[in-house]
Structures are given as C-alpha cells and as structure tokens.
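Colleague: If you scroll down you'll find the structure; I have some questions about it.
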Amino acid sequence: MGIPTAPIVTIAFKDLAYSNAAQRGMPHERICFTPHPVWGKSDAQMYAYLEGDDPVTHKPLMPEIISALTKPLTPDEEKSGTVIPRVGPQIFSGSHDELQDYYMNNGMTDFMPIILPTSEKVDAMLKSTSHSPDEQVGKMCPAKGAYPEWSYTVRNVAVNAVMAGCDPSYFPIVLAIAASELPSLSSSTNSFATAAIVNGPIRDKLNMNYGIGAMGPFAQPNATVGRAWTLVSKNCGSCGQPGQTYMGTYGNTCNYNNLIIPENEKASPWEPFHVQKGFKPDESVVSVFFGMDIRQGQNGPGLGIKPVPHYQEAFAFNFGTCAPLFGGLVVCDPLVAQGLVELGFKTKEPLLEWVWENSTISVKDAKTTLFGLRMAGPGADKLPDDARIRLFRNANSVNIVVVGGETNPYHMVANMSYRSSVSVDKWM
C-alpha cells in the first residue's frame, strides 16, 4: 500500500508477532512492544508505557515508533513473499503406539487417543457422501483477516472424522459443520466455545441423544461429531496451537467436543429451530453458534416461590452477567417450554422479544463492560448511570432450543451468537 506502519504489540505476544510476520514473508518487519497487559490500566499507567522503554529492545518506545515510521527500509526489510505451510507425507508407518505418539507429538490430536486413519477407514468414511474426495468443503483459520486461511477437502475432513471415532454414517453431519467454516478454536485471548444445534431426521437416523443427558457423555454421535469439529479446526484450519494460533488464557473444556445440541423436536411445543431459519421440517440441518460459555440457569430472586414459575423472567435474570458482545441462547427442557406455552407464549417469537426487552444492564455497568454501550446504540452514553439499557442488540440476538428428558423443568443459558445454518442433506 506504500503507507508506513509500525505495529505496536504487548510483550506477551512477542513470539506470535514475529512468527506471524515471518509466515507472511516479512521476517524483518519493524515491530514495537509495550509492557503487558494494557487492559484494566489507568490513563497514567498507559502514558507511562508510552514514555518508557520497549521491553524487547530496551530503547525509548516513542522514538522507536517514529524511527520505524520514518527510517528508509533496509534491503532485507523490503523483501516480501508468502510461506507455504509444511505438508508431511501422505502415508505413515509404524506400530500402533508409535503412530499414536506421532499424531500427538505433532499437535494433530486433542491429546486423547485417536482412531488411526488407515486408508481402509478413510475410504469407508468417504462412502457415506456422494461428494468427490477432492471437492473443497471450505476454508478456515483461527481469526479471519489475522491468519492465512487453509482450504480443506472432503477427504481431509474424512481423516479427522475417523480420528475422532465417528461412524461413517455420521460423516454428512461432520461435513456440514466443516462447511460452516466456523472454527471451534479461536485465537482470541478469551477462551471461547462453540455449539451446534442439530435438527431434522438425521437425529434419529444417527440415534443422537436429545433426551435425558443429551449434552453429557452418553451417545457416540453427540460426542464424536463434536470432537471431529475440534480436530478439523486443528488440522484443516491451523487452529489450536497455544502461543501461536490459540491464545485463550485459561482454555475451555467445551473445546474437547464442543456443545452438540440435538433438539428434542417431538417434545417441543414450538416449531424446530431450523424451521425458524427457513428450512423445511423434514430437512436435516446444523446451526452453529459462537461465544463465551454455557451455564446452569437459576430461578432468580423470588421467582422460585411464585405459584406459577415465570421462566421468561429467569431467562432475563440469568442473562444479566452475559457479555453484550455476544447474543443469548436458552437451552431449556421440554417441561420449561410447555410451561411457557401455559403462560401464553404459544410461539417462540413473542417469548424472544420479551426476553430481549427485559434482559437489561445499568448504564453504569455497561460503561465498564466490553462493548456494553456500543450494543445499546447511539446516545446511551448520555443516559444517567442508573438507567437500564438492553443487553443485546436486537431480538434476533436471543435464541431458544428445546432439549432434555423432562426429569425437571430446568434450563441453561449460553452467551453465544448464532452464526449460520448448513444443510446436512446436501452432504449426503
């Protein structure tokens, strides 16, 4: 572009900054560093950073930035190019234990034993789709715009589905998730999580669990499909390399097999989630979500002693600690859904509108919450501190799915945003 630039990076990301520059053909890029962290620091502390030294070069930071912007480039700094990722051999040989170690030591697993992807097992997986093994499924990277995107084929996805322990009959649903291009492992310093709602005949075809313990370790398709999502993200999208493409400060146990949520359509009084998104009831669909976490819902102050539980009030109460940057997803037992119908919410739309309008945060709290005021829209910063503003951008930011075995009217809330829905039928 011909515009002088001087990247300024905190010291915690020194290695990442250098490796990213090198991977883009700029190993001699001029990068300036500040102490870490910058979040939560006062103006005085930030000015002290600027007036102090670069913790890497130990030179005064501001003169270093000016020099980086004005000093002519050296011959080495003028060089540019691209780096082609290293690709290993197509065929590996060795004992079972040696191959397990090879995959683990090269960062291709979730550090649990895998099913070795022999040619026979991969070929069996490929027979479950009508698509060519060499057809491109999508592109993925830890964060769009920040990392090069890797493309992957049907065969690439099949290898990871085998590794995850998927039965070949599960393959179309794994391909649909891969086609969403949403990685299950983000490069953010937040330890994000992902979820996939599954609708349509595929749930019963695969014997997915959407009843008692649906989100626990009680069904092979639920567990292995979610695990395949993580392995595809690592091996087909260059995700999940701590310190390089994964920076989540404490990690997230959901990343092992993510949140796979087959909707209990039979017990739900409402239309299924995929129908809300424009699909036909007899279509099989995967809908993916991205965000912070999921937590057990509580009734909230006084809600548990009312003669009739007001579940919608509990939803709004539980969303109170969510980050405005993401939306809200309610995962509720069929008993809760049926109770809401008795309260007058015959369809999901008025319920979601009510929850959106009543999920609020004070202006005072929004000022200290990431993106809190931005989600509220223009003029929110001029309101008094005790004014209440909506937590989420609009009613479409709130979603609900019915799952569970009707053993108790419980619910969970996830601080997650809907991203997209992908047809599973397309990949059969």
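Colleague: Does residue 99 satisfy the condition of being without any contact (Cβ under 8 Å) to a residue 24 or more places away in the chain and either assigned by TED's automatic domain parsing to the domain that holds residue 19 or surrounded by 10 or more Cβ atoms within 10 Å (Cβ to Cβ) (or both)?
Modeller: yes
Colleague: While we're on this one: Restricting to segment 152-195, give me the number of residues that are polar (S, T, N, Q) and without any contact (Cβ under 8 Å) to a residue 60 or more places away in the chain.
Modeller: Going through segment 152-195 one residue at a time, the tally reaches 2.
Colleague: OK, next. Restricting attention to segment 200-216, report how many residues are closer than 16 Å to residue 401 by Cβ, among the hydrophobic types (A, V, I, L, M, F, W, C) and in a loop (DSSP other than H, G, I, E, B).
Modeller: So the answer is 3.
Colleague: Let me ask something else about it. Step by step: first the residues of segment 332-367, then only those that are farther than 21 Å from residue 299 by Cβ and among the β-branched types (Val, Ile, Thr), then the one that is surrounded by the most Cβ atoms within 10 Å (Cβ to Cβ). Which residue is that?
Modeller: That would be 363.
Colleague: Checking the structure you have, find out if any residue of segment 113-128 is more than 15 Å from residue 163 (Cα to Cα) and either out of contact with any Phe, Trp or Tyr (no Cβ under 6 Å at 6 or more places or on another chain) or surrounded by 12 or more Cβ atoms within 10 Å (Cβ to Cβ) (or both).
Modeller: Yes, that holds for at least one residue.
Colleague: Given (1) in a helix (DSSP H, G or I); (2) at pLDDT 85 or above; (3) of a type in the set (Phe, Trp, Tyr), identify the lone condition not met by residue 18.
Modeller: For residue 18, the failing item is (2).
Colleague: For the list (1) under 27 Å from residue 279 (Cβ atoms); (2) out of contact with any Ser or Thr (no Cβ under 7 Å at 6 or more places or on another chain); (3) modelled with pLDDT of 95 or more, I need the number of the one condition that residue 144 fails.
Modeller: For residue 144, the failing item is (3).
Colleague: Continuing with this model, one more query. Where in segment 23-132 are there helices (runs of 4 or more DSSP H), lying wholly inside it, with at least 2 residues that are under 24 Å from residue 228 (Cα atoms) and modelled with pLDDT of 90 or more?
Modeller: Counting at least 2 such residues, we get 96-105, 119-126.
Colleague: Specify which of the listed residues (325, 340) is under 14 Å from the mean Cα position of the chain (by Cα), closer than 19 Å to residue 398 by Cα and either at pLDDT 95 or above or assigned by TED's automatic domain parsing to the domain that holds residue 149 (or both).
Modeller: Criteria check complete, one pass: 325.
Colleague: Of 171, 192, which residue is buried (at least 24 other Cβ atoms within 10 Å of the Cβ) and not acidic (Asp, Glu)?
Modeller: Only one candidate passes the filter, namely 171.
Colleague: Still on this structure: Could you please find all residues in segment 1-51 being loosely packed, with under 13 Cβ neighbours inside 10 Å and within 19 Å of residue 242 (Cβ to Cβ)?
Modeller: Those that are loosely packed, with under 13 Cβ neighbours inside 10 Å and within 19 Å of residue 242 (Cβ to Cβ): 15, 37.
Conditions tested, residue by residue: (1) modelled with pLDDT of 95 or more; (2) within 30 Å of residue 274 (Cβ to Cβ); (3) in the same structural domain as residue 314 (by TED's automatic domain parsing); (4) out of contact with any Phe, Trp or Tyr (no Cβ under 8 Å at 6 or more places or on another chain).
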position: 373; (1), (2), (3), (4): no, no, yes, yes
position: 390; (1), (2), (3), (4): no, yes, yes, no
position: 398; (1), (2), (3), (4): yes, yes, yes, no
position: 409; (1), (2), (3), (4): no, yes, yes, no
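Colleague: A further question on this structure: Pairs needed: first member in segment 223-251, in the same structural domain as residue 158 (by TED's automatic domain parsing) and over 27 Å from residue 198 (Cα atoms); second member anywhere, assigned to a helix (DSSP H, G or I) and among the hydroxyl-bearing types (Ser, Thr, Tyr); C-beta distance under 7 Å; at least 6 residues apart or different chains.
Modeller: 244/19
Colleague: Mind listing whichever residues of segment 169-193 are under 17 Å from residue 152 (Cβ atoms) and part of a loop (DSSP other than H, G, I, E, B)?
Modeller: 180, 181, 182, 183, 184, 185
Colleague: Now for a different question. When you look at residue 340, is it in contact with a Cys (Cβ under 9 Å, 6 or more places away or on another chain) and assigned to a helix (DSSP H, G or I), yes or no?
Modeller: yes
Colleague: Quick test of your reading of the structure: residue 65 fulfils all but one of (1) on the phi < 0 side of the Ramachandran plot; (2) loosely packed, with under 14 Cβ neighbours inside 10 Å; (3) more than 33 Å from the chain's Cα centre (by Cα). Name the failing condition by number.
Modeller: (2) is the only condition that residue 65 fails.
Colleague: Another question, then. Hey, can you tell me all the residues within segment 267-285 that are more than 15 Å from residue 424 (Cα to Cα) and of a type outside the set (A, V, I, L, M)?
Modeller: Those that are more than 15 Å from residue 424 (Cα to Cα) and of a type outside the set (A, V, I, L, M): 268, 269, 270, 271, 272, 276.
Colleague: Residue 234 is checked against (1) out of contact with any Pro (no Cβ under 6 Å at 6 or more places or on another chain); (2) assigned to a loop (DSSP other than H, G, I, E, B) and fails just one. What number does that condition carry?
Modeller: So the condition that residue 234 fails would be (2).
The values are calculated or read from the model by the stated rules, or taken from the named source; none is laboratory data. Source: prediction; values computed, not measured. Cβ: placed from backbone, ideal geometry, glycine included. Neighbour counts: every protein chain shown.
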